[in-house]
Amino acid sequence: MNEIIFTLNGKTVSCPFEPTRRLLDVLRQDFNLIGVKEGCGEGECGACSILLDHNVVNSCILPLGNVHGKDIMTIEGFKTTKRFKVIEQAFIEMGAVQCGFCTPGMVMSTESLLHHNPHPTDQEIKIALSGNLCRCTGYNMIIDAVKKASIVGDGLW
Amino acid sequence: MVNHGMPQTLEEALILLKNDEYQIIAGGTDLMVQHRHWAQTLPKIPKPVLFIHHVKELNYLLDTPEYLEIGATTPMDMIMSSPLVPKILQHTIEEIAAPGIRHMATLAGNIANASPAADGLCTLIALSADLVIASLDRKRMIKVEEVISGPKRNKLAKDEMIIAIRIPHQDQSMSEFYKVGGRRADAISKVSLAAVIHVHQSIITNWHLAFGAVGPRVVHDIHTDQRMIGMKIDDVKRQTDAIIAMYEPLITPIDDQRSTAVYRKQVALNLIRRVIINLH
């Protein structure tokens, strides 16, 4: 095998066979997808969250080898969807964004949650966002925003 | 130099393992952190890596009359949400990391990494789980606790890999997992206790306590546990202090970056008290 092939934001892409490379680096360096942030680099902050087959994962500890044949979506790909527009508007209205560094990861965790559970309880939202740190908002506004998105976007998930 | 391997089938994986020495990676959520290097550089993994994530035949849950079998590449999230899985194991996985990690991480990896603080390991040992281990030439079964030789060390031969975990069905109406960590998500345990317990007509018929992060390996002493079998709940409650004293010499924690020996010991003993208070 000399290439790793996967779907990235809807398009088939290939990378040289370097399976231990972090997906985070591949996305930022090779594809210029810089909405994917590096915070802690060890899976604790969630700033690098992306979707793998519609499940949120931490791209900073995801070896490229595990991505072969999978469907990867980053915030850049998700931005083109109606579901994103609903989440974006809810985050704006509820004041869920301050500095913005955690926001792409928060949005991907929100999409992963609503995809599996379109009408989550507060507790389910807290668990879904438990791997995403935000040092600005204190979280309440983000939880409110996810709740708002699930109501406004009813039927989209 | 040997290249990294990305087998699609178990047979391919075992052939590669037979011929060369590899570091096996399933989800990678632990090893990618352990071998982490600077940002934008490759992790420093000392051996070629065998990526088993794509071996689909190991991604399953199978219920039989005697046991539940979990394939080695089944992600934790899938295990956690399966109705086949004992509640104590579901609760344990809920306390491990966060969704982004649980979607990739595996229980088999949690075992092979052999951390004395591994929550999954703690509960599997309390559940008397077995491992199915395979090499190209043979398959064998071993108790989960027997595969661990020390902190971060396991007894797998270099051509072997874990292919499944077997959890025997058992009565365990009062089982619970307790974790003490720095925060609810993404915390490595300071102390943990998996208690697998069954009470029938006010008499203890099953009793296994496994403690995490209080010794070089998960602490589980079958001889001490056996002394509880046949006791009436009322007697257990009356003799709480004596029972705690019986477990006390087994708890030998150390100071490290996450906690102190003194705190860990006290909390571990308090958790035994909580288990006894909750008996009914």
Expected integer from the mean partner chain Cβ neighbour count at 10 Å over A:11-21 is 3
Interface residues of the stretch B:1-24, defined as losing at least 40 Å² of accessible area versus the chain alone with a 1.4 Å probe, are B:His4, B:Met6
Full extension between A:Ile151 and A:Lys79 adds, at 0.36 nm per residue less the Cα distance, a length in nm of 24.0 nm
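Return the FRET efficiency for the residue pair A:Phe17, B:Lys265: r is the Cβ-Cβ distance, R0 is 51 Å, and the value is rounded to the nearest 0.05.
So, using R0 = 51 Å, E works out to roughly 0.55.
If one takes the accessible area of chain A alone plus chain B alone and subtracts that of the pair, with a 1.4 Å probe, what total in Å², rounded to the nearest 100, results?
2600
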Taking every alpha carbon pair in the stretch B:56-168 and sorting the distances into 10 angstrom bins from 0 up to the bin holding the longest one, the percent per bin comes out as 14, 52, 30, 3
For B:Thr260, the accessible surface traced by a 1.4 Å probe with all protein chains present amounts, in square angstrom to the nearest 10, to 60
So the number of lysine pairs in chain A with alpha-carbon atoms under 27 angstrom apart, 8 or more residues apart or on different chains, is 26
Per the charge dipole of the stretch A:81-152 (beta-carbon charges, Lys/Arg positive, Asp/Glu negative, Cα centre), the residue among A:His116, A:Phe101, A:Phe84 reaching farthest to the positive end is A:Phe84
Taking a straight Cα-to-Cα line shorter than 20 Å from B:Lys47, and setting aside same-chain lysines fewer than 8 residues away, one finds B:Lys18, B:Lys152, B:Lys155, B:Lys158
Counting only protein heavy atoms and rolling a 1.4 Å probe, one gets per residue an accessible area for chain B in Å² of 45
For A:Cys45 the rounded accessible area (nearest 10 Å², probe 1.4 Å, non-protein molecules ignored) is 20
For the stretch B:181-280, Rg(Cα) over 2.2 N^0.38 Å is 1.10
Taking placed amide H atoms and a strict 5 Å upper bound, the residues 5 or more places from B:Ala97 or on another chain that come that close are B:Asp186, B:Ala187
Against the 2.2 N^0.38 Å rule of thumb, the C-alpha Rg of chain B sits at a ratio of 1.03
In terms of the alpha carbon gyration tensor, root eigenvalues a ≥ b ≥ c, rounded if a/c is under 1.5 and otherwise prolate when a/b exceeds b/c or oblate, the protein assembly as shown is oblate
With the full set of protein chains present, the residues of the stretch B:185-217 whose 1.4 Å probe accessible area falls by 10 Å² or more relative to the chain alone are B:Ala185, B:Asp186
Probe 1.4 Å, heavy atoms of protein chains only: per residue, the accessible area of chain A in Å² is 42
Around B:Leu68 (Cβ within 12 Å, Cβ-to-Cβ, excluding B:Leu68; K/R +1, D/E -1) the net charge comes to -3
Rg from C-alpha atoms of the stretch A:3-75, normalised by the globular rule of thumb 2.2 N^0.38 Å, equals 0.96
Cα-only Rg/Rh for chain A with Kirkwood Rh rounds to 0.97
The stretch A:72-157, Kirkwood Rh and Cα Rg, ratio Rg/Rh at 0.91
For chain B, the accessible surface attributable to carbon and sulfur atoms (probe 1.4 angstrom, ligands and nucleic acids excluded) amounts in percent to 52
By the DSSP-based rule, helices of chain B that are at least 20 Å long along the axis (C-alpha) and have a mean Kyte score of at least 0.0 are B:261-277
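The values are calculated or read from the model by the stated rules, or taken from the named source; none is laboratory data. Since this is a predicted model, take the numbers as computed values, not measurements. Cβ coordinates were reconstructed from backbone atoms using ideal geometry, including for glycine residues, and neighbour counts include every protein chain displayed. These accessible areas exclude ligands, DNA and RNA; they are computed on the full protein's heavy atoms, side chains included. Shrake-Rupley method; radii C 1.70, N 1.55, O 1.52, S 1.80 Å.
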